[in-house]
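The values are calculated or read from the model by the stated rules, or taken from the named source; none is laboratory data. Computed from a predicted structure; not experimentally measured. Cβ sites come from the backbone with ideal geometry, for glycine too, and all protein chains shown count toward neighbours. The accessibility values were calculated without ligands, DNA or RNA, using every heavy atom of the protein model including side chains. Shrake-Rupley method; radii C 1.70, N 1.55, O 1.52, S 1.80 Å.
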Amino acid sequence: MPATDRPSERRGAARTAVVWESLRPVLDGGSAGALDVLDIGGGTGGLAVRVAELGHRVTVVDPSPDALAALGRRAREQGVEVAGQQGELSTLLDVAGPDAADVVLCHGVLEVVDDPAAALATLGEVLRPGGTLSLVVAQRHAAVVARAVAGHFQQALALLDDTSPTGRAGRRYTRDELADLLAAAGLETTRVHGVRVFADLVPGSLLDLEPGATAALVELEHAVAERPEYLPLATQLHVLATR
């Protein structure tokens, strides 16, 4: 079947649509032309290649040489250039240097760092004045709901106020915790979006079998992404912040 018809990709589209559309004004706005974009932990380049297709200069920093090799293949297949640098957030200043980027993408990384405050301070240093940080993190409220719905009530109770790393998912954050961490790093939060508010709750069979279900789910995700009453249900938070 065509790639766009795969069930996993249909669900993936619903999960990623809000982040991409929230980034587009940042990537399309202004008269500066091509931007310098750093994608921290960008892996095989699923997002980086899309950004490069808009005409920006993109560098992916990732610890995995295999992921960077896959990134190179993906970029060549799409006819764009994306630089790959082996490294991680803790060594980012050595790899990129200060004031290196107009836009920094850090999606799904802050959960697994040893020191979130130090990590955000580093991101602030590599970001140019007036630049934008795009941060995606797992949210603790939704993890509590998910465990309660699954009948794991003691796990849900334990997660309520737990700020320590937990399992493979690492740390989870609340909106207020992120705002405080960003402010301490000298970064100002400008927008917060809920990501995967309903996408992780919808049965996969519905998206697989119901015509038009994925498009309708994406539309719903967009509609609730910035409504504060639905934010606690979001599996992830997408925060845009400026230096």
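Applied to segment 40-46, the Karplus parametrisation 6.51 cos²θ - 1.76 cosθ + 1.60 on θ = phi - 60° returns per-residue 3J(HN,Hα) values of 8, x, x, x, 7, x, x Hz, with x for Gly and Pro.
Rg and Dmax, both from the Cα atoms of segment 75-213 and both in Å, are 18.0, 50.
Just so you know, the Rg over Rh for segment 90-148 is 1.09, from Cα atoms, with Rh as the Kirkwood radius. Look at the dipole of the chain built from charges on Cβ: of A69, G55, A216, the Cα furthest out on the positive end belongs to A216.
Springs join every pair of Cα atoms under 10 Å in this Gaussian network model of the chain, and among E88, E125, E21 the largest mean-square fluctuation is at E21.
Per-residue Karplus couplings for segment 51-56, computed as 6.51 cos²θ - 1.76 cosθ + 1.60 with θ equal to phi - 60°, are listed in order as 5, 5, 5, 7, x, 8 Hz, Gly and Pro entered as x. Database remark: amide H of G131 closer than 5 angstrom to the amide H of R243 (H placed geometrically; neighbours at sequence offset of 5 or more, or on other chains; Pro and chain starts carry no H).
In the chain, the portion of solvent-accessible area held by carbon and sulfur atoms comes to 52 percent [1.4 Å probe, whole percent, DNA, RNA and ligands not counted].
Per residue, the chain reaches -12000 deg cm²/dmol at 222 nm when only DSSP H runs of four or more residues are counted, each adding -39500 (n - 2.57).
Stokes-Einstein diffusion for segment 155-243 at 25 °C, viscosity 0.890 mPa s, with a Kirkwood radius from C-alpha pairs, works out to 164 µm²/s. A convex hull fitted to the Cα coordinates of the chain yields 133 cubic angstrom per residue.
Averaged per residue, segment 64-138 has 46 square angstrom of accessible surface, using a 1.4 angstrom probe with ligands and nucleic acids left out. Mean-square fluctuations from a GNM of the chain, with a 10 angstrom spring cutoff on Cα atoms, peak among D102, D208, D62 at D208. Each Lys and Arg Cβ is given +1 and each Asp and Glu Cβ -1; about its Cα centre, segment 44-190 then shows a dipole of about 560 debye. Taking S205, S90, S164 as the candidate residues, the one with maximal mean-square fluctuation in a Gaussian network model of the chain, Cα springs under 10 Å, is S205. Share of pairwise Cα-Cα distances greater than 12 Å in segment 147-196 is 73 percent (whole percent). When the Cα atoms of segment 19-95 are aligned to their principal axes, the ranges along those axes come out at 34, 29, 20 Å in descending order.
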